[in-house]
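To keep things clear, I will list the structure first and then write my remarks on it.
Read-outs throughout are calculated quantities, based only on the coordinates presented, and are distinct from any laboratory measurement. Everything numeric here is computed off the predicted structure, so don't read it as measured data. Note that each Cβ is placed from the backbone with ideal geometry, even for glycine, and that neighbours are counted across all protein chains shown.
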Amino acid sequence: MHASVEKIPTIPQKDILISSQFIDFYQMKKLISPLILISALLLQLNGNAQPDQKLTRAIFKELIEINTTNSTGNTTEAAEAMAARLRTAGFSDKDIFVGGPHPRKGNLVATFRGSGVRKPILLMAHIDVVEADIKDWSFDPFKFQEIDGYYYARGSSDDKAMAAIFIANLIRMKKEKYTPDRDIIVALTADEEGGDYNGVDWLLTNHRGLVDAEFALNEGGSGQLNEGKKILNGVQLSEKVYQSFKLEVKNPGGHSSRPRKDNAIYALVQALNNLESFSFPLNLNDGTRAYFERSAKLESGQLAKDMIGVAQTPPAAGAEQRLSDTPYYNALLHTTCVATKLEAGHADNALPQTATAVVNCRILPGEDPEKVRQTLIGVFDNQDISVTAMNPAKPSPPSPLDPAVMNPIEQVTSKMWPGVPVIPVMSTGATDGAWTRNAGIPTYGVSGIFRDINGSGAHGQNEKIRIDSFYEGQEFLYQLVTELTNKSNVKRNR
Ligand SMILES: [Zn+2]
């Protein structure tokens, strides 16, 4: 049977209906194709992935099983491991750099040389991961697990999948003797999740020449899946600015048996109650306006109407309010500030002398953090409350909807997933894109990795990534990077 399948010519549909011999063939084909599909899936699930995929899986597993948490981990070890793989694949030492400001906080920069017709592109992925306590997980978070169509582990979704894919794709390009028209730089970096040694910042400050590029691809954008169906392929063009403020009230205190009207805790609670019912003004940028306009086509009913309505100037009545009932849409439409920590009092039987709170804000690109602080002071409406910025804000300019980048993304998306729209997104969280954007390198969060709409456990318990999404993401990024570095596409993508 196997052989006959192969040799059988593609016969025009109408002929099949006439001769019985062809009907047998048709029956057989109907029988065979699901069989082929099932066996391919079985092969896949049994880890017998395609050769390239086998390598990618091995690289991913190796990266995952090197603990790179801020507390006890070591990104230098992970960077060295990836450097060793590149050397084995034929990369010369002059194209590999491993270094960092701290022994446990190393970064890797690998360069795939091109013809230099155009400025390099930069592919970024952080290799540090957030902490994970084995007590909270169903299994060891630092052991690579394959269960029911998913790879599980800390960093599987954030962000070691992209790191492994970038390394595997560089090795594939080397094997295929690909000649790009510009250098392809891969940077695997430390301390994106926290810690004092952010690798992207360190490289831009101390080794700009190694990572300088016309634009960069980074985490932050991914495909959205709803009940297994591909909804959209998100491209992150901008991100909100992370800014925390410390609120503090001081009070003379005293004996709790004689309470007074003035009380540090009540003053703070009153201020936070004001914040609870306050909303910053609506503020859309090109990226978020495009997000709502394009997403409206994927929705229906009042939601679709409101998405179109809010993108209009002036916005349609009620659209902002209704959309703001959904936390994700609310975070796209406004700067947000929320209380995250509270601390007060020093003894059960004493009036509190100090009450403090942390208010974490996510500020829209283009809005001034100091103005946000002034607005909060107005909302708290109490001169006794001091409001201090806890971290230097890192505002970053949104990246433009540049056709030289967006067109290839749309082309590869429609080739791999016909009918799935590309939607610009703004991250409510922060990425290292803030550093590169501030350094004048437009940065696009794009991966082609489709994730369940209900989340992947990033930063949480049992973090996971779909196996099929992982390998599709690999193929997407491979095709995208070749599109972006292939001189024959220059004209087409202008
Ligand atoms: Zn991340």
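Grab the DSSP H runs of the chain that are 4 residues or longer, score each as -39,500 (n - 2.57), total them, divide by all residues and round the 222 nm result to the nearest 500 deg cm²/dmol.
-11500 deg cm²/dmol
Can you order the peptides 132-142, 101-111 by their average number of other Cβ atoms within 10 Å per residue, highest first?
The densest-packed peptide leads the list: 101-111, 132-142.
Counting only Cα atoms, I'd like the Rg/Rh figure for the stretch 92-139, Kirkwood definition for Rh.
1.17
What percent of all Cα-Cα pairs in the stretch 283-329 falls into each 5 Å bin, going from 0 up to the bin containing the maximum distance?
In whole percents, the pair-distance histogram is 5, 25, 36, 29, 5.
If you bin the C-alpha pair distances of the stretch 258-340 every 5 Å from 0, what whole percents do you get?
With a bin width of 5 Å, the distribution comes to 3, 13, 21, 20, 10, 8, 7, 6, 5, 3, 2, 1, 0.
Please give me, ordered by residue number, the trypsin sites (Lys or Arg not before Pro) of the stretch 238-344 that lie in loop per DSSP and have at most 14 other Cβ atoms within 10 Å.
Here the trypsin sites (Lys or Arg not before Pro) that fit, given the DSSP loop and packing criteria, are 260, 261.
Mean projection of the alpha-carbon convex hull of the chain over all orientations, in nm²?
For the chain, the mean projected area of the Cα convex hull comes to 30.1 nm².
Say the cut-off is 20 Å between C-alpha atoms; which of 105/246; 54/230; 94/177; 61/230; 105/240; 261/341 go over it?
Table pairs above 20 Å Cα-Cα are 105/246; 54/230; 61/230; 105/240; 261/341.
Mind running the shape call on the stretch 392-494? Use the C-alpha gyration tensor, a ≥ b ≥ c as the square roots of the eigenvalues: rounded below 1.5 for a/c, prolate if a/b tops b/c, oblate otherwise.
Here the stretch 392-494 falls in the oblate category.
Ignoring GluC sites (Glu not before Pro) that are buried or in helix or strand per DSSP, and keeping those with at most 10 other beta carbon atoms within 10 Å, what is the longest stretch of the chain between them?
228-494
How would the stretch 223-290 be classified by its alpha-carbon gyration tensor: rounded, prolate or oblate, with rounded meaning a/c under 1.5 and the a/b versus b/c comparison settling the rest?
prolate
Can you compute the modelled spin-label distance between residue 89 and residue 176, with each label point 7 Å from Cα toward Cβ, in nm?
Roughly 1.2 nm, to one decimal.
Which distance in nm do the two modelled labels at residue 454 and residue 346 give, with both placed 7 Å along the Cα-to-Cβ direction?
Between residue 454 and residue 346, the simple spin-label model gives 4.9 nm.
Give me the extension gain from residue 283 to residue 229: residue separation times 0.36 nm, minus the current Cα-Cα distance, reported in nm with one decimal.
16.3 nm
Estimate the FRET efficiency between residue 135 and residue 297 by the formula 1/(1 + (r/R0)^6), using the beta-carbon distance for r and 41 Å for R0, to the nearest 0.05.
Plugging the Cβ-Cβ distance into 1/(1 + (r/R0)^6) gives 0.35.
Roughly what % of DSSP beta bridges within the stretch 118-243 run antiparallel, to the nearest 5?
Beta bridges within the stretch 118-243, antiparallel portion: roughly 45 percent.
At 0.36 nm per residue, and after removing the present C-alpha to C-alpha distance, how many nm does the segment from residue 71 to residue 250 gain when stretched out fully?
Difference between extended and current length: 61.1 nm.
Order of 306-314, 149-157 by packing, highest average Cβ count within 10 Å first?
149-157, 306-314
Taking a spot 7 Å from the Cα of residue 358 along the direction of its beta carbon, which residues of the stretch 310-347 have an amide N less than 14 Å from it?
Counting backbone N atoms under 14 Å from the label point, the list is 338-344.
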